[in-house]
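Reviewing the structure listed below.
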């Protein structure tokens, strides 16, 4: 399952965001290091289900009002402070928890109510813009530490064996969540042979690996209490993808929906009241509604969706066994939805369904157009595909 990490300084609202996105009960408190061990939970990306486009009258049974939610893993890691890579705070523990994360949502305290180490200082007393770059730096320095281990010995072996630099670096970075393609892409940006790199070259290479293996989106959290000028200053940052977020508002909506008080799906820009509310509940929900109207929602689902579909460039594919009824062999309509990288081929999807089917692949059929597709056909987002194999 695709994994996305939640990271940031202590007391920035990571656990609130995590609970809002997963409904997993976690400790939430207004002091640093509430989270010690990483929390793991299932969240979802939200997409339009193709059942309506396909004219399936009663829906597919896998969606709600034409909206489909596809599971991913969220990892809420312990907070970090500047120089965590040197052992400060909880040190590298949080970084180790991010190894499997393909992208990172940087939870930022937009209210300016906590200092660089997560200590409460009162709303507006800390500049959140100053917190933007430190997480990128800490992850880069963590990767640099892994790169730097036995570097001279690695380079001696590389020169003696006459091997390719990517092979040596792939071995060194194994287990750090850095793929072969990340390493080759970063090497392509470097102008010097690794055998002649100095400390600054290594540092630059580590920064490139961070950018490619752990791309980030900024969640400007606590927007419900943040001074407006703070949010504005974050939104105009040209090099960052910034989304205003209120994890607390999303939790309130999810709890109200669970209690039958409102009709709401994560990512909706509004909600419908369906139950009897007290005056306090009504006032609280109307305050949230005004916030949603201003920012287009609570931002939680938007962060997850943009991390998966924009940062990571995934698409959604729907394998079926009957291309006319869009069902599996049991008659379930659109039974599965797979997240795969853009550029995936029909054969890639066959392997994703099952390795035996991938190995015995003959051709695929586009269920929408009924066209026959070859193994190298590049799939498009929302494709409904039948795989034909000898198995």
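Looking at region 1-116, none of the strands (runs of 3 or more DSSP E) lying wholly inside it contains 2 or more residues that are at pLDDT below 80 and in contact with a strand residue (DSSP E or B) (Cβ under 8 Å, 6 or more places away or on another chain).
Residue 185 fulfils the conditions (1) assigned by TED's automatic domain parsing to the domain that holds residue 295; (2) touching a residue at least 12 places away in the same chain (Cβ under 8 Å); (3) surrounded by fewer than 17 Cβ atoms within 10 Å (Cβ to Cβ); (4) assigned to a helix (DSSP H, G or I) except for a single criterion, (1). Looking across region 324-344, the residues that are within 21 Å of residue 313 (Cα to Cα), touching a strand residue (DSSP E or B) at 6+ places or on another chain (Cβ under 7 Å) and not in a strand (DSSP E or B) come down to 336, 337, 342, 343. Only residues that are buried (at least 23 other Cβ atoms within 10 Å of the Cβ), touching a helix residue (DSSP H, G or I) at 6+ places or on another chain (Cβ under 7 Å) and under 30 Å from residue 169 (Cα atoms) were counted across region 104-137, and they come to 2.
Residue pairs whose Cβ atoms lie under 6 Å apart, sitting 6 or more positions apart in sequence or on different chains, and linking a residue in region 345-374 that is assigned to a helix (DSSP H, G or I) to a partner that is at pLDDT below 95, are 356/391; 357/391. Among the residues making up region 191-212, those that are without any contact (Cβ under 8 Å) to a residue 40 or more places away in the chain, under 18 Å from residue 168 (Cα atoms) and part of a helix (DSSP H, G or I) are 194, 196, 199, 201, 204, 208.
As an exercise: evaluate residue 326 against (1) outside the structural domain of residue 114 (by TED's automatic domain parsing); (2) on the phi < 0 side of the Ramachandran plot and give the number of the one condition it does not meet. Unmet for residue 326, out of (1) outside the structural domain of residue 114 (by TED's automatic domain parsing); (2) on the phi < 0 side of the Ramachandran plot: (2).
The values are calculated or read from the model by the stated rules, or taken from the named source; none is laboratory data. Predicted model only: the values in this text are computed from it and were never measured. Backbone-built Cβ (ideal geometry, glycine too); neighbour counts: all protein chains shown.
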